[in-house]
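*Asks:* Provided herewith is a single structure, encoded as structure tokens, for subsequent inquiry.
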Amino acid sequence: MGSSGSCGVTILLVFCLWGVFISLSSAARLSVSRQKLEVAKHLNRLNKSPVKTIQSPDGDTIDCVPVSKQPAFDHPFLKDHKIQTRPTFHPEELFDDSKLSEEPKAKVHTPINQAWHANGRCPEDTIPIRRTKEEDVLRASSVRRYGRKKHRAIPKPRSAEPDLINQSGHQHAIAYVEGDKYFGAKATINVWEPKIQQPNEFSLSQLWILGGSFGQDLNSIEAGWQVSPDLYGDNNTRLFTYWTSDAYQATGCYNLLCSGFIQVNSEIAMGATITPVSGYRNSQFDISILIWKDPKEGHWWMQFGNDYVLGYWPSFLFSYLADSASMIEWGGEVVNSEPEGQHTTTQMGSGHFPEEGFGKASYFRNIQVVDSSNNLKAPKGLGVYTEQSNCYDVQTGSNGDWGHYFYYGGPGKNPNCQ
């Protein structure tokens, strides 16, 4: 009797376990199909119907989308927005731009293209949008977080928190100004292709237009170049923008991956590969970025190079920046995920320290701010900041040709940075 009783119990247990397994696997299948549905809906929101599609040699698909159908206009506040095709005012230069590359020692080649240009251009009245693929979204921690920076990704100079590095994993080498009202900033940024150790790390070089405190309500507008395997699925150097009005919590995104930035230019695609890049002891390439607040309409405009006014962030997106910026930062940022408990070998800039100088270290040159009279002028009281100068460093200088400039960057892990 005992053995047949225990047999019955065993059979019952097997049936129970089988039932648990079936319900778990069907829940998992349901969860996977729910995620697939969520991803498909998100892709449908992001990828607008194009009038023309261009396959880029780097594997990107560029969709030429009518200006009025871009993602910005999914925003409820922009339903009846009248698109501004050009800014009312442009900042005035206070020095002669034509003499920038006279110095023979520092010869810079500036004809920068985007890879997709090799296979075509978008028609007028459309904008080029890099198509988002399913695998792009699946690499993110969640559909909601796709295209967003993690919290606390802003360098806070003279921070009272000694463990800032360990808290966020982000490291910086920047120059900055604060203590005034700023209405824009400009820089010419040396373009490189830094090596990234882990797929969840990135390396970027950008300018930050900041308003508010470094608490929950920080406003930020950012633009520059980045290498981010997580966001783009490769190691190419790409043009990018970013914005947030609540310290990276619920608002804002990279490029056109949410409603916000309104693009009006048909030639430059946000998030597309920049080509060519600089080589060590070889040709140097750089890009100019200008962001400024239109004094009439109040929107923040962005210009790439001398010829391309890309578009604008409407002022209603922001609280503090609706008035002005309280701090400007220029420089590099990397994620150090401390693989195997050691500092990452992810490079910043060229991967070489500032003291190596031109042709070897990466630079920002002709850095300027826009004042309340809409004039571009030299930054006053330029400070520098880096968490660990033996991993990534920054050195400023000034001369007649490059105005205020700095070299920055480094290799990450080395004998003095473990």
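*Asks:* Of the residues that sit in the stretch 177-201 and are under 17 Å from the mean Cα position of the chain (by Cα) and polar (S, T, N, Q), which one is surrounded by the most Cβ atoms within 10 Å (Cβ to Cβ)?
*Replies:* Here the residue is Asn190.
*Asks:* Determine, yes or no, whether Asp286 is open to solvent by less than 30 Å² (accessible area, probe 1.4 Å), under 20 Å from the mean Cα position of the chain (by Cα) and either over 28 Å from Gly59 (Cβ atoms) or among the acidic types (Asp, Glu) (or both).
*Replies:* yes
*Asks:* Out of all the residues in the stretch 391-418, which are crowded, with 18+ Cβ neighbours inside 10 Å and either assigned to a loop (DSSP other than H, G, I, E, B) or free of Cβ contacts under 8 Å to residues at least 12 places away in the same chain (or both)?
*Replies:* Selection gives Cys391, Tyr392, Trp402, Pro411, Gly412, Lys413.
*Asks:* Determine which single condition Leu257 fails, assuming it passes every other condition in (1) more than 15 Å from Ala223 (Cβ to Cβ); (2) open to solvent by 10 Å² or more (accessible area, probe 1.4 Å); (3) touching a residue at least 12 places away in the same chain (Cβ under 8 Å).
*Replies:* Here Leu257 clears every test but (1).
*Asks:* Being open to solvent by 10 Å² or more (accessible area, probe 1.4 Å), closer than 14 Å to Thr244 by Cα and either among the small types (Gly, Ala, Ser) or not in a loop (DSSP other than H, G, I, E, B) (or both) is the filter here, so list the residues in the stretch 202-233 that pass it.
*Replies:* Gly212, Ser213, Gly215
*Asks:* Further question on the same structure: Out of all the residues in the stretch 363-390, which are outside any loop (DSSP other than H, G, I, E, B) and at positive phi?
*Replies:* Asn366
*Asks:* Give the residue, chosen from Ser159, Ser141, that is open to solvent by 20 Å² or more (accessible area, probe 1.4 Å), at pLDDT below 90 and over 30 Å from Trp402 (Cβ atoms).
*Replies:* The unique qualifying residue is Ser141.
*Asks:* I'd like to know if the stretch 365-377 contains one or more residues that are open to solvent by less than 50 Å² (accessible area, probe 1.4 Å), farther than 27 Å from Glu201 by Cβ and out of contact with any Lys or Arg (no Cβ under 8 Å at 6 or more places or on another chain).
*Replies:* Yes: one or more hits.
*Asks:* Restricting to the stretch 201-229, name every residue that is closer than 21 Å to Arg139 by Cα and touching a Lys or Arg at 6+ places or on another chain (Cβ under 9 Å).
*Replies:* If the condition is that a residue be closer than 21 Å to Arg139 by Cα and touching a Lys or Arg at 6+ places or on another chain (Cβ under 9 Å), then Ser203, Trp225, Gln226, Val227, Ser228, Pro229 are the ones that fit.
*Asks:* Can you pull out the residues in the stretch 40-56 that are exposed (fewer than 13 other Cβ atoms within 10 Å of the Cβ) and assigned to a loop (DSSP other than H, G, I, E, B)?
*Replies:* Within the stretch 40-56, just Ser49 meets the criteria.
*Asks:* Right, here's the next one. Output yes when any residue across the stretch 296-310 is closer than 20 Å to Ser324 by Cα, part of a loop (DSSP other than H, G, I, E, B) and open to solvent by 30 Å² or more (accessible area, probe 1.4 Å), and no when none is.
*Replies:* Scanning the stretch 296-310, I find at least one residue that is closer than 20 Å to Ser324 by Cα, part of a loop (DSSP other than H, G, I, E, B) and open to solvent by 30 Å² or more (accessible area, probe 1.4 Å), so the answer is yes.
*Asks:* Which of the residues belonging to the stretch 60-96 are part of a loop (DSSP other than H, G, I, E, B) and open to solvent by less than 40 Å² (accessible area, probe 1.4 Å)?
*Replies:* Scanning the stretch 60-96 gives Asp60, Gln70, Gln84, Pro87, Pro91.
*Asks:* Taking the residues in the stretch 265-283 that are buried (at least 21 other Cβ atoms within 10 Å of the Cβ), touching a helix residue (DSSP H, G or I) at 6+ places or on another chain (Cβ under 9 Å) and not aliphatic (A, V, I, L, M) as candidates, determine which candidate is nearest to Leu376 (Cα to Cα).
*Replies:* Within the stretch 265-283, the match that is nearest to Leu376 (Cα to Cα) is Gly271.
The values are calculated or read from the model by the stated rules, or taken from the named source; none is laboratory data. A quick note: this is a predicted structure, and the numbers were derived from the prediction, not measured. Because the Cβ atoms are built from the backbone with ideal geometry, glycine has one as well, and the counts that use them run over all protein chains shown. Just so you know, the surface numbers come from the protein's heavy atoms only, side chains and all, with ligands and any DNA or RNA stripped out. Shrake-Rupley method; radii C 1.70, N 1.55, O 1.52, S 1.80 Å.
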